[in-house]
Structures are given as C-alpha cells and as structure tokens.
Amino acid sequence: MKNGILITMILLLGVVIAACGGSKGDKQQASTSETKQAIKVTSAGEIATLDSALYSDTFSSDAIGQISEGLYRVNPDNEAELGIAKAEPTVSADKKVYTFQLRDDAKWSNGDPVTAADFVYAFQKVVNPKTASPSSNQLDVIKNANLIRNEKAEPNTLGVKAINDKTLEITLENPIPYLPKLLTGTPFLPQNEKFVTSTGSKYGTSADAVLSNGPFLLKDWSGIGTSWTYIKNKDYWDAKNVKLNKVSTQVAKDTGAGVNLYETGDVQYTALTDEFVQKYKNDKAYHSDSKSLIGYLGFNEDRASTGNVHLRKALSMAFDKEAYTNTILGDGSKPLNGYIPADFAKDPANNKDFRAENGDLVTFDLDKAKSEWATAEKELGVDKLTLEILSSDTEVSKKTVEFLQSEIQKNLPGITIKLKSVPLKNRLALTTAGDYDIFYGTWSPDYSDPINFLEVYQSDGGLNFSKYKSKTYDAGLNAVKSTYATEPEKRWDEMLTLEKQLIQTDAVIAPFYQGATAYLLDPNVKGVQIYPFGRNISYRLAYVDK
C-alpha cells in the first residue's frame, strides 16, 4: 500500500469484463487481434488522484498501476520482477548502496526517456513535508528520509542520486531484506519533473494532467467523472506482451448490476457479494481467492470518547466476527483476531505463520466488552454515549456498518451508533482531517512483510488517521528498520511485540476480518491478475481468447 496505504477491499472493485467483437471470414484475426482485444470493466469506486505521491486509496493505486511502472513490477506469481530496471542492481559490501541501470527503451508517453532523475525527483517529492504524502514514511528506509520528513534536513539530501541518465543510486539507512518488494509500491514510481512542474497543482487531477510510462495510457477522465478508459501504450518498453488495446471502465457501486450483466451474457467478469455466492459457488466460472487485505475499525484518539482505551476495547470485542463474515460477506473472508493476516509472513527461525504465532489478540467476548464499557463509563463520567461510524458509500461498506451498529447497540446498552456513508474520496478527506469518531476501512499491504502493516501507526505516519502517538511504539519500529535489520529473529520478535501493543494493549484499531474476493470469470478471458496484496488488479497480461 502495497504500499503502504488505507483502502477498500477488492470485493468492492466489481470489475466487469466483456469482449468487444472480432473479425470474420477468412481474414479473422488471432486471439490477439486489435478488434478483439478490448474489455469492459466496472469499478465500485472513483479515482481520487493519479499522483503517486498523494494517493491513499486502492482505486487510485490501481489506476496509477495500470499506467505507471517503477524499478520493479509484480509478476503473476506475486513476486517482484524487473520493471524499468534492466538488471538486478549491484550492491555494496555493507548492503546499503544499490546501483540500478535503467532500460534504454523506457519512455514517457510524451516521448521523453525515463531517466534516473525522474526517480530522484519523485522520491524527493514524496518525503518533502510540503507534499504531505500519506505514504512518505514508506521511504524511511532510504538515507535521511526520516530527517527530511521531520524538517531536519533538506529533500536534496535524500539518499538517491542520478549518476547519469540511466544510472540510479539508492543509499539505505540500514540493510533491508525486502527492498525489491518495497520498490514495486506506488510511492516508488518515477515522475517527469518537467511535466509535473509545467502542470502545477493540476498534476494527477485528470487524464491530460499525467504521463504514462507503463502498459496503458489513461483517457476520458476529467477528475470528477465516473468513467475512464485505458488504451495500450505502444511506447511501453514491454508493449509486445500487452495484448489488450482497450479497457473501458465505468463506476458501478451496486454489485447486483454486474451480476445482472453477467446473467444476460453482456459481461464476462463480475465480483460477487454474499447474496450471490451461494448461487454461483458450484459454477465453473466461480472463483474465491484469499487476500492479505484486512477490514477494521479505526478510532480517533483525539476525541474525548474514543480517546479512552477502555471504550476502544469494549467496542473491539462487542460484535460477532464470524456472523459478519458468514452473513454479510460470505465470499471466503475469515474472522481476524489480530492485525497481521494469516498466511502472510513466516518466522525466519521456525517457519511458523505470524498470525498463528502471535495468537488471538482481540476476539468477540461479550463479558469483557461489557466490563470495559463499565470502566469507560466511570472514567468518562457518562452512562450514555452517541458515536458515529464513518464509511464509504459502497454496497458492502453500508452493510458492514449497519451490522456493526446493530451488534454494538445490542451488546453495549447505553451506546448509540449513528452512521455516515459518503463517497470514498470524501471519506478519505474526513479521516485525514480527523473529522470522525470511528471509521470503517480496509488495508492491503504493498509487500509481504509485517512492517508494512505496523509502520502505518508510526506517530508521524501519513496514514495514521487514528492520531496514535507512542514513543515506545516508534522506538520499536525504528529497531525493526535499523537495529535489527540484519538480525531476522530479533526483528521478528520485535514485530510480534509491536502488534500486541497496538491491538491488545492500546486497542488503536479493531481488526475483524481477513478479506477474500469472489468473482465469476468467463474462461475466454485470460491473464487478469488479481493481487493478494498491494494493488487489486492488473490488466497488463490480460487478453481475450476467443
């Protein structure tokens, strides 16, 4: 997020794919012909921005990922592979200095070559406090990034250097084992400084105000519209392996609309929610893929009410997670009793899964919830309390907060829950501004290391919407990134401790499910890449085989 980032689960994406015709007779083209290689897609959310330094949601990250590429990209096995970098870097003896050679044929959509200076500019922009990038702390692994973010050093002192047009040098604060994975993330994408400067504040706000160096160009998006189109970028260095010529996207927040289109044969792909899973679960086109995405409640610690740890603990334990995943989602999602999802990371000492090793940190426990609420009542001096849960206005988000409202009001007498559902862009603005009591959100990591989850709640983190501040927690994060960077077992143990502090001790957020995505996919549509973490979807290798 993967990045890292705050986001909406792929279940909401509602991608709908349809072939758009083909040639006939003796001149019929192969499956990769231009006339056939077009698909139609619906998304449950709008693009908020195309600026890779400013995004904070998955819909924006997905769009940016279709049109942009960094040093590495994610392959079909969900591993980092070379992107704009033409070879693996040379690494210094102390494993702190990485030197990359860039592809000679990497170009921007205006014809300019992609240069090392484009990466230097983009990285400096992300860490510059004036940018206010939500993802800036992801760059803390780079030398001086943290100092720059805290206004103790200038952006031009960041540990990135353009040796020449095609040679990029990155200097780290400490060796890290996951750099290639990290560099696949949206905050590490290059930007063309000349174009960004000429565009000014409009950069990333419309299709005309952004350049592409990736598989597709973005067209027909004005910045506030509910539709857009991806067109194959013929100047992309790997264009020969991009089969689709066009991907048309229309925002549709109702999952049922996509299902209706599938039933009438008008589409080939649609995401499913609980009411449709039972109907299609035995269909040969049905798929359900586990994800590393989590759903959670975030609490505003700057509010007097939700600033009380006992109230946060009471709310965290007051609803039935299994009932939620079975009745509201029903797509293969599972209850989650910790922050780090299952099957995401393994202990380097014994290969044990992180979630299994750290156990259940927050469960549905009505007796404990009532006890914590009683303590909160005394400390707050109240016996009644009205709280508001903020969410996006997608179908599943609305059902989720309605379920939570019912459960909490039933199980914690004296608490009244009000709901506020707004478009995702507005929800992100409200959480960033701290204008909420509680919000429902999802988080999907940019790469498969627990630190990508844990660093979100660094005191000065751009995605720390809970306004959580802890010197102990910050020190632990610093140890994970520096002191223990080359001591994997100590690093792992510190991350276990940090998760317990965040969830069990301080109840900063209330995780309650690990997501899955259920969908129908026509066998004629191949190569659509659904990610278990990071961005939701990629069309780079997709094609119509018919």
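The values are calculated or read from the model by the stated rules, or taken from the named source; none is laboratory data. This one's a predicted model, so the numbers in the text were calculated from it and none came from an experiment. Because the Cβ atoms are built from the backbone with ideal geometry, glycine has one as well, and the counts that use them run over all protein chains shown.
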Taking the stretch 436-457 and the residues there that are crowded, with 22+ Cβ neighbours inside 10 Å and of a type in the set (S, T, N, Q), the one that is farthest from S316 (Cα to Cα) would be N452
Among D112, D140, D165, D118, which is among the acidic types (D, E), surrounded by 14 or more Cβ atoms within 10 Å (Cβ to Cβ) and modelled with pLDDT under 95? D140
Among the residues of the stretch 482-494, is any surrounded by fewer than 24 Cβ atoms within 10 Å (Cβ to Cβ), over 19 Å from the mean Cα position of the chain (by Cα), modelled with pLDDT of 90 or more and outside any helix (DSSP H, G or I)? yes
Per-region count, the stretch 253-276, residues within 30 Å of V456 (Cβ to Cβ) and not in a strand (DSSP E or B): 4
Filtering the stretch 239-248 down to residues that are of a type outside the set (A, V, I, L, M) and either touching a Phe, Trp or Tyr at 6+ places or on another chain (Cβ under 6 Å) or buried (at least 18 other Cβ atoms within 10 Å of the Cβ) (or both), which residue is farthest from D104 (Cα to Cα)? S248
Specify the residue that is surrounded by the fewest Cβ atoms within 10 Å (Cβ to Cβ); the eligible residues are those in the stretch 305-344 that are among the charged types (D, E, K, R) and under 18 Å from R355 (Cβ atoms). E322
For the stretch 225-249, which positions are hydrophobic (A, V, I, L, M, F, W, C) and out of contact with any Asp or Glu (no Cβ under 6 Å at 6 or more places or on another chain)? I231, A239, V242, L244, V247
Among (1) modelled with pLDDT of 95 or more; (2) within 21 Å of the chain's Cα centre (by Cα); (3) over 23 Å from L541 (Cα atoms); (4) not charged (D, E, K, R) - the single one S198 does not satisfy: (2)
What's the total number of residues in the stretch 274-304 that are surrounded by 18 or more Cβ atoms within 10 Å (Cβ to Cβ), at pLDDT below 95 and among the aromatic types (F, W, Y)? 2
